[in-house]
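Trainee: For reference, the structure I am asking about is given below.
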Amino acid sequence: MNKSQSADYTDRLEAAAKAKKALLERAALAKSAAEDPAAIERRAAREAVIAARDIRIAERKAAKAAAEAQQAAERAAAQAAAAEAEKIALQAAHEAREAEYAERTAKAAIAEAEAQAARDARYAARKARKRNGR
């Protein structure tokens, strides 16, 4: 290596050593600042604020879950009431159909009885004419 290149190399080594030393000094200063009672107090206050925020968030989540559970219970009750109303409506419709069927059956039985009575009357009249006619 020639002399100018070795001078550059030593300058770079010195600059790197200075930078490392400055970095270590800053780290030591930061460490001593972090161990300062005022910094410890600020950190404790910050942690207390964070804990209080977490508690408020948890309370909001619990309130939201309770509200959702209440809404779910109301929806379930409404669905149960609707199902019961539908069941009652279906039962009423079924009873109406049965009543209509019974009425049609009764009318058919009455019509059949009237037709039978009319046949019997014709038969009796025919028999009476034959008796009177002899």
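The values are calculated or read from the model by the stated rules, or taken from the named source; none is laboratory data. Remember, it's a predicted structure, so these values are computed and weren't measured experimentally. As a convention, Cβ positions derive from the backbone with ideal geometry for all residues, glycine included, and neighbour counts pool all protein chains shown.
Trainee: Taking ALA82 as the residue in question, decide whether it is within 27 Å of the chain's Cα centre (by Cα) and modelled with pLDDT of 95 or more.
Mentor: So ALA82 fits the description; yes.
Trainee: I've got another one for you. Please pick out the residue among ALA48, ALA66, ALA76, ALA38 that is among the hydrophobic types (A, V, I, L, M, F, W, C) and loosely packed, with under 10 Cβ neighbours inside 10 Å.
Mentor: Numbers: ALA48 fails: loosely packed, with under 10 Cβ neighbours inside 10 Å; ALA66 fails: loosely packed, with under 10 Cβ neighbours inside 10 Å; ALA76 fails: loosely packed, with under 10 Cβ neighbours inside 10 Å.
Testing whether each residue is among the hydrophobic types (A, V, I, L, M, F, W, C) and loosely packed, with under 10 Cβ neighbours inside 10 Å leaves just ALA38.
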